[in-house]
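The values are calculated or read from the model by the stated rules, or taken from the named source; none is laboratory data. Quantities reported herein were computed from a predicted structural model and do not represent experimental measurements. Positions of Cβ are generated from backbone atoms using ideal geometry, with glycine treated the same way; all protein chains shown enter the neighbour counts.
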């Protein structure tokens, strides 16, 4: 049986500010923003990822203090390019650290406006072997639009 991690709940204080941060500054795709008289939730997905984040007013979010989630990890093929992109978009990213010179040992980090923290790991192999092949992402995108 396959077990896939597809959603991580991120506790935030201000949903609109967090949507702007993750969509416009970090570059996640906004999958949906649902508002009604009972809830306001949004789901955002890093490009190329099979796992999304959910932010909003669901009971699980209300059990965690905004900013209490630490050490979520993203993976990129090029840490320098990813860090430069975030800085260009106004995200305060830490300096790159090489913990191990082998592939997978290079990291930097950033925090969202509430203090939830993210580690970004460089795995160069993702450039040639993404976890979700480009063709599958394109096919899924076409299915979502049609």
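If you scan the stretch 62-90, which residues turn out to be part of a helix (DSSP H, G or I) and buried (at least 18 other Cβ atoms within 10 Å of the Cβ)?
79, 82, 83, 86
Taking the criterion of being farther than 30 Å from residue 2 by Cα, surrounded by 12 or more Cβ atoms within 10 Å (Cβ to Cβ) and modelled with pLDDT under 95, would at least one residue in the stretch 18-38 satisfy it?
Looking for residues that are farther than 30 Å from residue 2 by Cα, surrounded by 12 or more Cβ atoms within 10 Å (Cβ to Cβ) and modelled with pLDDT under 95, one finds at least one in the stretch 18-38, hence yes.
Hey, among 50, 105, 71, which residue is under 22 Å from residue 131 (Cα atoms) and over 16 Å from the mean Cα position of the chain (by Cα)?
Unique residue meeting the criteria: 105.
Can you tell me which residues in the stretch 85-127 are out of contact with any strand residue (DSSP E or B) (no Cβ under 9 Å at 6 or more places or on another chain) and free of Cβ contacts under 8 Å to residues at least 24 places away in the same chain?
Hits for the stretch 85-127 are 88, 101, 102.
Would you mention how many residues in the stretch 12-23 are assigned to a loop (DSSP other than H, G, I, E, B) and out of contact with any strand residue (DSSP E or B) (no Cβ under 8 Å at 6 or more places or on another chain)?
2
Take residue 24 and tell me if it is without any contact (Cβ under 8 Å) to a residue 24 or more places away in the chain and under 25 Å from residue 126 (Cβ atoms).
For residue 24, the condition - without any contact (Cβ under 8 Å) to a residue 24 or more places away in the chain and under 25 Å from residue 126 (Cβ atoms) - is not met.
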